[in-house]
Structures are given as C-alpha cells and as structure tokens.
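See structure below.
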C-alpha cells in the first residue's frame, strides 16, 4: 500500500464564515465564504447528515468503506484487535473567518449514555496562523449562572468567563471534553479530535444556525449543559492547556495521548516517518516523502501497510495519529 495524496474535503455552508486561509495554505483557487473546515482523511459525517464530511479516495471509494474492507492493512493488527475498524481520529484544517461561538463538547460517557455515540469529542489545535483564543473558565461557575447567560444570550458575559490568550504559529491548545472555548477570528489551525461532530452551543447570535433548536444536541439545555466543565482554572494552570509545541516530537500535552497524537517533524536533510496509520500535513517547505514530492499545504493519508516513509528536503511535517493501542 502507498500513501494517498488527498485533495481538500470542505463541507459547504457551515454556520460560521471562513475558508480563504485554507485555500491560500493549500494553494487552491476557491472562493467559498462558508467552507471554513477541511475534513482530512475523514470517516466521520457532519452531525445529522448521512454522508457529508466523508473522504473519497482518488479511485472513488469512500475511505470509510476501504478501511472496513481491510482494516488490518490500513490500521494495523494491534489497533484492530483493540478498536476494530474505528480509526479513532478526525483531522481538520480550520479557518476562523469570524470568532466561533462559545461552546463545548461532551465526554465519552455522556455521549454514550445520552446520544448513543461511540465517542465524545476531545480536541487539540496546532496553530498555523495566530490570533486570540478563549478557553477555560477563569473561576468556578454555578450551573444556574451559566444557564442564565445562555438563556439571555449574554455574549459579553460568556466571553468574560473565559481566559483570553494570544497564540502564535507553533503553539498548541488542548481542549478536554467539557471545556468551554471559542476560536478567535483570523486563526488558521490544524485540529485533531475524536471522530464525532458534537457541539453544545452556548451562543448563536450572528451565526447561521438555529441555536435554540440545535445548540443542545436534541437533549434540552438543562441536560446538555451538565456536560460542561464549570470549574475554573488559574492563569498559571492554563499552561496545561495552551503552550508552545516542542521543536520536534510529541506536540500535545500528555493528557491528549489517550485520544490522539501529533508529532512535529522538522526535516532538514533526511528523516523517517515511522510506520503506522497517519495523516501527514506539510506545514512548510518542500519535501520528498516516499515517492511523492510535497510542499506546504499538502495532506497525505498513510496506511499501516505503507511501512516506514523516507523524507528528505527542507520543511516540516505534522504527523497525526490515533492513540497508541
């Protein structure tokens, strides 16, 4: 098996604006003001849609179907022994053309109990172009106070509860399940997450979505908001969530390892991408990867069966993987 070069996979008409930065990063000529996400190597669908979001391989097959037909070749024996043909991973490029709403995602137990889903939604970001992020409560908040802010759609009040942090290229942000967050306008990032599209929206003004109907995942806000972490974090403790990535090696905090992994791999001469299922994003430079010459903005899907990949040139690779089995 060989690595597969992937074209962009951008679900249209999302509820927030963005997309130009993805086009520029990928070198595409594309003007779609509401295509802010590129779902890279996706076996996950947009919530409520049976097919939107799925990646098609160059031969026309859905990646989901190809993996189901030969999971060991794609994912490896140890992975399949533990998780079957579940990739345990969704990778996105995300361009915040406007500040995203304050929201959170449920954890595994909540998603299984109340939504019948196999995963919750932990996520982490590698910043490609910087700006402001809002993440983590500055103080403990009573559930009734939070519910009141949501009911009144007090956006200023919601944002005031969150740490506001400037991030630069090469920074990472770890967002545990339940953590309130909002990505600021102008940011381009690589996002790793559990393979679900589940968001609890606390605000929806100025967004193209029916928040009162859709913001609570069909559960009602009383139940949905019980999945939100209401414990505050000190400014010092925020280093657990937001920090510069090391120059090489594992990029995310160790707490993310049970959900997904990201390796930052500078290439200056020769390097090797270890064997195993991965999604590789070229963040800079021009690199020979296996038999493919790739440059910044390229994305490759690497099956287990491809083995080790030799890399040479000058640039940087971001290697996204599922958790270790």
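The values are calculated or read from the model by the stated rules, or taken from the named source; none is laboratory data. Note that the structure is predicted; figures quoted are calculated from it, not measured. Glycine gets a Cβ as well: all are built from the backbone with ideal geometry, and neighbour counts include every protein chain shown.
Can you tell me how many residues in the range 41-86 are in contact (Cβ under 8 Å) with a residue 60 or more places away in the chain and in a helix (DSSP H, G or I)?
Residues that pass the stated criteria total 10.
Given the criterion over 17 Å from the mean Cα position of the chain (by Cα), in a strand (DSSP E or B) and surrounded by fewer than 18 Cβ atoms within 10 Å (Cβ to Cβ), identify the matching residue among 212, 246, 266. Walk me through it before giving the result.
On the way: 212 fails: in a strand (DSSP E or B); 246 fails: in a strand (DSSP E or B).
Only one candidate qualifies: 266.
Tell me yes or no: at least one residue of the range 33-50 is farther than 21 Å from residue 193 by Cα and in contact with a strand residue (DSSP E or B) (Cβ under 7 Å, 6 or more places away or on another chain).
Among the residues of the range 33-50, not one is farther than 21 Å from residue 193 by Cα and in contact with a strand residue (DSSP E or B) (Cβ under 7 Å, 6 or more places away or on another chain), which makes the answer no.
Considering every residue within the range 215-235, establish whether at least one is at pLDDT below 95 and over 21 Å from the mean Cα position of the chain (by Cα).
Checked the range 215-235: no residue is at pLDDT below 95 and over 21 Å from the mean Cα position of the chain (by Cα).
For the range 274-296, give me each residue that is outside any loop (DSSP other than H, G, I, E, B) and over 20 Å from the mean Cα position of the chain (by Cα). Give the derivation first.
Here is the first cut: in the range 274-296, the residues outside any loop (DSSP other than H, G, I, E, B) are 278-289, 292-295.
Listed by number, the residues that qualify are 285, 286, 287, 288, 289, 292, 293, 294, 295.
Name the residues in the range 60-73 that are touching a helix residue (DSSP H, G or I) at 6+ places or on another chain (Cβ under 7 Å) and farther than 10 Å from residue 43 by Cβ, would you?
The answer is 71, 72, 73.
Residues that are under 13 Å from the mean Cα position of the chain (by Cα), under 20 Å from residue 53 (Cβ atoms) and without any contact (Cβ under 8 Å) to a residue 12 or more places away in the chain: list the strands (runs of 3 or more DSSP E) wholly contained in the range 156-204 that include at least 2 such residues. Step through it out loud before you land on a result.
Working: elements: 162-167, 171-175, 181-183, 188-193.
Correct list: empty, since no element meets the threshold.
Return yes when residue 239 is loosely packed, with under 14 Cβ neighbours inside 10 Å and assigned to a helix (DSSP H, G or I) and no when it is not.
Here the answer is yes, as residue 239 does meet what is asked.
Here are the criteria: (1) free of Cβ contacts under 8 Å to residues at least 40 places away in the same chain; (2) touching a helix residue (DSSP H, G or I) at 6+ places or on another chain (Cβ under 6 Å); (3) closer than 27 Å to residue 206 by Cα. Tell me which single one residue 145 does not satisfy.
If we test residue 145 against (1) free of Cβ contacts under 8 Å to residues at least 40 places away in the same chain; (2) touching a helix residue (DSSP H, G or I) at 6+ places or on another chain (Cβ under 6 Å); (3) closer than 27 Å to residue 206 by Cα, just (2) comes out false.
Which numbered condition trips up residue 205, out of (1) farther than 30 Å from residue 283 by Cα; (2) modelled with pLDDT of 95 or more?
Evaluating residue 205 over (1) farther than 30 Å from residue 283 by Cα; (2) modelled with pLDDT of 95 or more leaves (2) as the failure.
Has the range 104-119 got any residue that is part of a strand (DSSP E or B) and either at pLDDT below 95 or within 20 Å of residue 218 (Cα to Cα) (or both)?
For the range 104-119, residues part of a strand (DSSP E or B) and either at pLDDT below 95 or within 20 Å of residue 218 (Cα to Cα) (or both): present.
Out of all the residues in the range 297-325, which are at negative phi, part of a loop (DSSP other than H, G, I, E, B), within 19 Å of the chain's Cα centre (by Cα) and surrounded by 15 or more Cβ atoms within 10 Å (Cβ to Cβ)?
298, 322, 323
Is it the case that the range 10-21 has a residue that's part of a helix (DSSP H, G or I), in contact with a strand residue (DSSP E or B) (Cβ under 6 Å, 6 or more places away or on another chain) and in the same structural domain as residue 62 (by TED's automatic domain parsing)?
Residues of the range 10-21 that are part of a helix (DSSP H, G or I), as a first pass: 20-21.
Cutting the leftovers down to in contact with a strand residue (DSSP E or B) (Cβ under 6 Å, 6 or more places away or on another chain) gives us 21.
Then keep just the ones that are in the same structural domain as residue 62 (by TED's automatic domain parsing); that gives 21.
Yes, because at least one residue in the range 10-21 is part of a helix (DSSP H, G or I), in contact with a strand residue (DSSP E or B) (Cβ under 6 Å, 6 or more places away or on another chain) and in the same structural domain as residue 62 (by TED's automatic domain parsing).
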